Each structure stands twice: as C-alpha cells, then as structure tokens.
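Remarks on the structure that follows.
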Amino acid sequence: ARLLGDVDGVLIPGGFGERGVEGKVAAVRWARETGTPFFGICLGMQVAAIEFARHACGLKEANSSEFDRSTPHPVIDLMADQATKTQKGGTMRLGSFECFVPTDTRTHAAYGSELVHERHRHRYEFNNAYREMFERGGFRVAGVHRGLNLVEILELDEHPWFVGVQFHPELKSRPNRPHPLFAGFIKSAMIHAGHATTSGKRPAGRPA
C-alpha cells in the first residue's frame, strides 16, 4: 500500500509463469479495496480471479493450476479438452474469437456493442465451476464465448473500473484509435486522479 499510495490506476498485462504473481495479487487487492481503477489483461485477469477467490470468497488456497497443480481451488485451469494432454505444444488458444457482452455491463458501455471480436494467446481459462460463487460476490461475467462457454471478461460491481479480460486488447489498439477498454480504463483513472487531487489524498509533490 505504501508503494501504491499515489497510483491512479493499476494495469497488469499478460505473461506466463509464477514469477511475481503474489506481488500482482497484492496489487490487485489494493486496487479492489481502495476503489482504484484496475485493468487486467490475460494473466492480469487470472490474477484478479485468484485474488478475489482468496480474499472475497474465503478460498485462501485458490490459485491457477499453472502455478500450483495441487491447489484445492483451481479458479484458473486448463480448458477441459486439454486437461488430459501431456504434450502442450500447439495447444494454445490463438487468434480472433467472438465475445458476447451483456448490455447491462460497464464493458458494454465502453464497447457500445453486444458482439465483439478479440484476439487471444493463452492456454489457461477461468474455471466455470467458480462462476456462480464469483457472481454472488459481485465479480460478474461481462463477456463470454457462447459456443465454447468460456469466460472472456470479468468486471466488479460497485467499483469505478475493475475489469479483467482473457484476450489481448492491445493487439487491436492504435495511437489514433485506442481500444474501447483502454479508453475506459484511462478515463476512470483520470477521474480518480482528479478526485485524489481535490480531496487532498495525493501526497504533496507527487505527480498526477
């Protein structure tokens, strides 16, 4: 918290492996509990799911099976059709897939559309066995691939901007045409910065 006290937005990008994951979990928790805008991309969404399971749902040993194969609560796991494969070469989910976005979500407000197409590069997915628990806790599914029944977007109710996506929006973002979710995140961070400045929250001499 001491290191993040003057931050107006937290973005956790994609990646592989367990290095630094617990630090990412701590940053997600801080953003969730302080109302600071958060955007998680691929691994960032997965880390957000782990954090929520541990600290909001009480599943203290929740993890991704990528990081802990013996976790009793694999909120992030391999896709069902890959679980029995011992050789993982060529099994990543790659390319563009459609995503259905419910109209009553913050994500839909950013996109302005119920059906979008986003690009993927990953092997692990949100475990649907925990979907009902998450939604009861206010971490709702805001985007799905209906054909494969895969969770593509999670967003937290009662938070200025707390969105995690399994895909890579940076692959469809341009300097003169930013991806809608990046634009939404930056806008929320700017609003947060203005509030922090006017409320006196930000330490003197620290940049906005």
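The values are calculated or read from the model by the stated rules, or taken from the named source; none is laboratory data. Just so it is clear, the model here is predicted, and its values are computed rather than measured. Virtual Cβ from ideal backbone geometry, glycine too; neighbours counted across all protein chains shown.
List of remarks:
- Any hit, region 95-104, residues being in contact with a Cys (Cβ under 8 Å, 6 or more places away or on another chain), modelled with pLDDT of 95 or more, under 18 Å from residue 169 (Cα atoms) and surrounded by 19 or more Cβ atoms within 10 Å (Cβ to Cβ): no
- Restricted to region 1-41, and to residues there that are closer than 24 Å to residue 167 by Cβ, surrounded by 15 or more Cβ atoms within 10 Å (Cβ to Cβ) and at pLDDT below 95, the residue that is farthest from the chain's Cα centre (by Cα) is 15.
- Breaking point among (1) more than 14 Å from residue 52 (Cα to Cα); (2) under 16 Å from the mean Cα position of the chain (by Cα); (3) modelled with pLDDT of 95 or more, for residue 109: (2)
- Scan region 61-87 for residues that are closer than 21 Å to residue 153 by Cα, touching a strand residue (DSSP E or B) at 6+ places or on another chain (Cβ under 8 Å), hydrophobic (A, V, I, L, M, F, W, C) and modelled with pLDDT under 95 and the total you get is 2.
- Filtered by the rule that a residue be closer than 11 Å to residue 118 by Cα and either over 11 Å from the mean Cα position of the chain (by Cα) or not in a strand (DSSP E or B) (or both), region 145-172 gives 145, 166, 167, 168, 169, 170, 171, 172.
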